[in-house]
1. Return only the number of the condition from (1) in contact with a Lys or Arg (Cβ under 7 Å, 6 or more places away or on another chain); (2) crowded, with 18+ Cβ neighbours inside 10 Å; (3) free of Cβ contacts under 8 Å to residues at least 60 places away in the same chain that Leu23 does not satisfy.
2. Of all residues being more than 13 Å from the ligand (Cβ to nearest atom) and among the small types (Gly, Ala, Ser) in segment 219-228, which is surrounded by the most Cβ atoms within 10 Å (Cβ to Cβ)? Just the residue, please.
3. Check Asp289 against each of (1) surrounded by fewer than 23 Cβ atoms within 10 Å (Cβ to Cβ); (2) at negative phi; (3) touching a residue at least 12 places away in the same chain (Cβ under 8 Å); (4) not aliphatic (A, V, I, L, M) and name the one condition it does not meet.
4. Please give the number of the condition Val67 fails out of (1) under 23 Å from the mean Cα position of the chain (by Cα); (2) not in a loop (DSSP other than H, G, I, E, B).
5. Would you say Ala185 is part of a helix (DSSP H, G or I), surrounded by fewer than 23 Cβ atoms within 10 Å (Cβ to Cβ) and aliphatic (A, V, I, L, M)?
6. Please go through segment 130-146 and pick out each residue that is within 15 Å of Ala164 (Cα to Cα), more than 10 Å from the ligand (Cβ to nearest atom) and assigned to a helix (DSSP H, G or I).
7. Specify the residue that is nearest to Asp15 (Cα to Cα); the eligible residues are those in segment 161-170 that are crowded, with 24+ Cβ neighbours inside 10 Å and more than 16 Å from the ligand (Cβ to nearest atom).
8. Taking segment 147-160 as the search range and keeping residues that are surrounded by fewer than 22 Cβ atoms within 10 Å (Cβ to Cβ) and not in a strand (DSSP E or B), which one is farthest from the ligand (Cβ to nearest atom)?
Amino acid sequence: MTTTVHVPLGDRAYDISIAPGNLDRVGALVAPRLKGRKVLVVADETVARLHGARLEASLRAAGLTPVIATFPAGEPSKTVTTAERMWAAAAAAKIDRSDAVLGFGGGVSGDLAGFVAACWMRGVRFLQVPTTLLAMVDSSVGGKTGVNSAAGKNLVGAFCQPAAVVIDPALVQTMDRREYRAGLAEILKYGIINDPAFLAWQEANAEALEAGDPAAVAHAVAESCRIKAWYVEQDETEQGVRAHLNYGHTFGHALERETKYTAYLHGEAVGIGMRMAADLARRTGLLTDDTLIRRQDALLTRYRLPLAHPAPPALAATLAAHCALDKKVEKGATRFILPVKIGTVEMVTAPGVGFVEAAFAAGLEVPGRGERGEGRGDTATAMVPSPSHG
Ligand code: GLY
């Protein structure tokens, strides 16, 4: 069954098509959105090896001409140097204004391809075919593109809405388990910030979703895209409500920065950050009971995500200092997205450094976290469909 989520942005409106098997339909789905025939496919080498042939076949079957440009998988590739290589590939393939650039892979491929598309000839059509759970539910939707630089992560970039997003949720079956689970943190986030019914659905289906059950994954991806599209529609360039999507991120970024981006996958850090944000909300009186905290903790546990960072409480002051460097700082004041109740969050500016440090401390070292090793380190294991949840 196909779910189509429409992103209504006037002359930049587009559809997100979500269905198992969609990889074989990319050509048919995107061809009506294109003028030219050439498509520069920007893909990391791993994804190109695993799924490139199917994508190429589907584009060719629709009368399109794919030109594959690959780069080494991983965040270190998200640079202007890689973008320059992609522009060289665009020049060699004679990609012109009528043609398109397609991001194929995880967040790095999508962000890079979008930046390449936004700049090439001052902007060509951009298509997104995400292959990781995180990219399916977050980065492929909404048009944030860019590269990392010496100045920091994602500080150089452009808003470039895709002309179409094609999602094949079945592709998560080839993801490594840890990376897959990291994507579940963002799915949990959507339930907490926006949709009590989606949170309740996750509570009823957590094990199926964690195991990668195809129907559960397809539903969670479709719901997440629907919610993300709503924020993008309200506030395309993040002047207001779109910032709510950053729930857990200010805390999570501080943790990522402190651990030099090596200890945690982004979603894992966001999961711990969501716990810290909920603690801050409780401490400041915005959140008046513990229900949200309990339900959030229970789902993080069932998704086998880390609950806390193993470090002494003294690290809290260092982490709080990192917040001052976060992108979300405006006019010197750090802003946090904090929950009021399930489905409702608020932006809170400068809640007081004592509160912030205490909230960081609440996400440091919990007894028994050593038993939680399964969520981390089993990187070589691919997902297999779970017959018990079929
Ligand atoms: N990842 C948050 C956003 O797209 O706004």
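Read-outs throughout are calculated quantities, based only on the coordinates presented, and are distinct from any laboratory measurement. Keep in mind that what you see is a predicted model, and the values were worked out from it rather than measured. Virtual Cβ from ideal backbone geometry, glycine too; neighbours counted across all protein chains shown.
1. (3)
2. The extreme case among them is Ala220.
3. (3) is the only condition that Asp289 fails.
4. (1)
5. On the way: part of a helix (DSSP H, G or I): yes; surrounded by fewer than 23 Cβ atoms within 10 Å (Cβ to Cβ): no; aliphatic (A, V, I, L, M): yes.
In short, no.
6. Across segment 130-146, the qualifying residues are Ala135, Met136.
7. Start the filter on segment 161-170 by keeping residues that are crowded, with 24+ Cβ neighbours inside 10 Å, which leaves 162, 165-169.
Cutting the leftovers down to more than 16 Å from the ligand (Cβ to nearest atom) gives us 166, 168-169.
On the way: Val166: 8, Asp168: 14, Pro169: 16 Å.
Out of the qualifying residues, it is Val166.
8. Here the residue is Ala150.
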